[in-house]
Amino acid sequence: MMETRVPATIVTGFLGSGKTTLLNRLLRSNTGLRLAVIVNEFGAVGVDGSLLPGGEMFVELDNGCLCCALNQDLEQLLRQLMARGGFDHLVIETTGLADPLSVAWTFERQGLHQRYRVDAIVTVVDGANIVRALAESEECQIQIEQADIIVLNKIDLLNDGGTSAELEVRNHNQAAPLLHAIQAAIPLSLLLETDPGHSRELPPVPQAHSHSAFESWVFQTDDVVSVRRLEDFAFEIPASVYRVKGLLRSDGPTGWNVVHAVAGRFDISPFQPASASERSRLVFIGKSLDIEALRRLCLSLELPAPAERQD
């Protein structure tokens, strides 16, 4: 019997591993396929959706995690996409704190199993921070254990070319093909050229989890921020913050900047948002966050009103 179900690829990986970078490469490439894309973020305001060029269909879910509760949001989305049709492949980018197996099990529900098949779980691993990530959260280990394909990213930041990081990965998954990558650059055919007769076998449904005590906080502003102050800001982020990502409109020559920080490493790059209505925003993810301290830190980025500035 001819396979007619739409293949689904689940892209997962711990906070700041490079999932959105990989998805960006996929959406910007000429795959010849019509893609439906679902991006899920851990935070009340999303950022990743603004960094992606979009697909045939694009849906962004924030303020939660698709692997939690009963996955009702994901189930509803899958049924809506199923009714609409018109796409060849579905890609889901999970939050950095997701159990990908819980996401995969959603496809087994009545009515969905007949229309979709989970082709693969692709786990992106931050090679520069894998030891800390494994120590911080059980989700990192789960994501590696459940992977069908592992992308060992950021090997350009490693003195040994990724040898030690690969050993860490192999402690938790010895079977999955492992690709070394810089900026998540891998052969994209590995994600999309699938065997029509293949459907991933799923182990028992996992238990609910609590994201290893991680929490998020979002700062938003319509004001312009100081690019010079932003350079100091990078050194003042509390150690309790594991991940920062955001878009900021600054007084620098490039105007807008995309901000990334992972486990103490900070990066600021020029960026042109697709929408003129974008607000500046920073999402902080960590443990035991001091919200008031973060608020003061963020407010210190804002330029004073013109009447208040000193000559």
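No lab work stands behind these numbers, since they all come straight from the coordinates. Computed from a predicted structure; not experimentally measured. Virtual Cβ from ideal backbone geometry, glycine too; neighbours counted across all protein chains shown.
The table for this structure:
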{"quantity": "Net charge of Cβ neighbours under 10 Å - reference Leu178; Lys, Arg +1; Asp, Glu -1", "calculated": "0"}
{"quantity": "Segment Ser189-Ala175, extension gain: residue separation times 0.36 nm, minus the distance between their alpha carbons", "calculated": "3.1 nm"}
{"quantity": "Taking only Cα atoms of segment 86-133, radius of gyration then Dmax in Å", "calculated": "13.8, 42"}
{"quantity": "Residues Glu93, Glu138 arranged by fewest to most Cβ contacts within 10 Å", "calculated": "Glu138, Glu93"}
{"quantity": "Stretch gain in nm, segment Ala213-Arg229, where the contour uses 0.36 nm per residue and the Cα spacing is subtracted", "calculated": "2.7 nm"}
{"quantity": "Computed FRET value (nearest 0.05) for Gln72 with Thr4, which takes r as the C-beta separation and R₀ as 30 Å", "calculated": "0.70"}
{"quantity": "Net lengthening on full extension, Glu168/Val131 (0.36 nm per residue, minus Cα-Cα)", "calculated": "12.6 nm"}
{"quantity": "FRET E, pair Gln110, Lys287, Förster distance 45 Å, beta-carbon r, rounded to 0.05", "calculated": "0.75"}
